[in-house]
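Undergrad: Quick one: structure below, then a few questions.
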């Protein structure tokens, strides 16, 4: 049986990253929303990305199932809807938003559910609007053998190739994709990683992957 979004929320392991670390993580992706006025943050969590949008003068709306996280974000003056994003997106009017941020959420769902999410977002976003997706990089050995499976709500990893297939099937064009990390290793670690890559293959790489998609006209 496929776990429900409610189950996922009840089993949620809070993101341990401090606020400033999370803000540094999201900062490079703000430029992907140039020209957007209204941006949806799917599973907005503690509201770090919404804060960055607000500071940039952009109108961000979060959808978060966790009532406590929603209330914390609202206390910071952020707009957050406390609801399952599946339910919310099914009811939202077509073209309500100019763009969407989908950070570290797809790995909590099956391919059928992720395809449904992309299809619902395709309806919610205006033609030509961007969507940024971030998810753990399973090609990174540390992620593959440890980090990824520490969260009991993680269902499966999504490499760029899998995300691209689901996006194209649901009316999205791929604009950009790649590996991403906001941390640069020390010189010593960089040398160690290079040696490991030479011996084992390219397994020591970016912590996460990103895909930037555009809603087809």
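Undergrad: Out of the residues in segment 161-206 that are in a loop (DSSP other than H, G, I, E, B) and in contact with a helix residue (DSSP H, G or I) (Cβ under 7 Å, 6 or more places away or on another chain), state the one that is surrounded by the fewest Cβ atoms within 10 Å (Cβ to Cβ).
TA: This residue is 185.
Undergrad: In the list 95, 47, 62, which residue meets the criterion of being buried (at least 22 other Cβ atoms within 10 Å of the Cβ) and under 29 Å from residue 216 (Cβ atoms)?
TA: Testing whether each residue is buried (at least 22 other Cβ atoms within 10 Å of the Cβ) and under 29 Å from residue 216 (Cβ atoms) leaves just 62.
Undergrad: Mind listing whichever residues of segment 62-88 are closer than 13 Å to residue 121 by Cβ and in contact with a strand residue (DSSP E or B) (Cβ under 8 Å, 6 or more places away or on another chain)?
TA: Hits for segment 62-88 are 63, 85, 88.
Undergrad: Hey, another quick one. Can you name every residue in segment 133-156 that is without any contact (Cβ under 8 Å) to a residue 24 or more places away in the chain and within 25 Å of residue 176 (Cβ to Cβ)?
TA: Listed by number, the residues that qualify are 138, 147.
Undergrad: Is it the case, given these coordinates, that residue 163 is at pLDDT 95 or above and more than 24 Å from residue 80 (Cα to Cα)?
TA: yes
Undergrad: Cβ-Cβ distance below 8 Å, separation of 6 or more or different chains: which pairs start in segment 186-203 with a residue that is under 12 Å from residue 140 (Cα atoms) and end on one that is modelled with pLDDT of 75 or more and outside any helix (DSSP H, G or I)?
TA: Taking only residues 6 or more apart or on different chains, the pairs are 197/205; 202/139; 203/139; 203/140.
The values are calculated or read from the model by the stated rules, or taken from the named source; none is laboratory data. As the structure is a computational prediction, the values presented were derived from the model and not from experiment. Because the Cβ atoms are built from the backbone with ideal geometry, glycine has one as well, and the counts that use them run over all protein chains shown.
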